[in-house]
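Structure record follows, encoded as structure tokens.
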């Protein structure tokens, strides 16, 4: 559905649905039952999820937290479920999506869920 912005002629501007809330990476880790460090290592590259799913929220002059949209949470959950299908897919996933060697080593040995 296209919405016409007030005062604009049809086709010259479109309104998009706005993100109404975000969840911090700490909260996402809790609701997904995942390790925060693993999630952070996965999403440190914002190309991991669809554009706009990962958001940086500035909380002070030099402080920020990472947050996800609802769509980002679903996408991350589905990505992790697919990766955990077998030990091989899990290890490949870690190699492809995590750049921190220590995190890879820590989770490569962990049992699949």
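One residue stands out among those in region 31-49 that are farther than 19 Å from residue 106 by Cα and either part of a strand (DSSP E or B) or modelled with pLDDT of 90 or more (or both): the one that is nearest to the chain's Cα centre (by Cα), which is 49.
Return the pair list, or none, for Cβ contacts closer than 8 Å from residues in region 45-57 that are farther than 18 Å from residue 26 by Cα to residues that are at pLDDT below 85 and in a loop (DSSP other than H, G, I, E, B), at least 6 apart or on different chains. These pairs meet every condition: 52/19. Of the residues in region 20-27, at least one is part of a loop (DSSP other than H, G, I, E, B), modelled with pLDDT under 90 and more than 13 Å from the chain's Cα centre (by Cα).
The values are calculated or read from the model by the stated rules, or taken from the named source; none is laboratory data. The structure displayed is predicted, hence computed values, not measured ones. Reconstructed Cβ throughout: ideal geometry from the backbone, glycine too, with neighbour counts over all protein chains shown.
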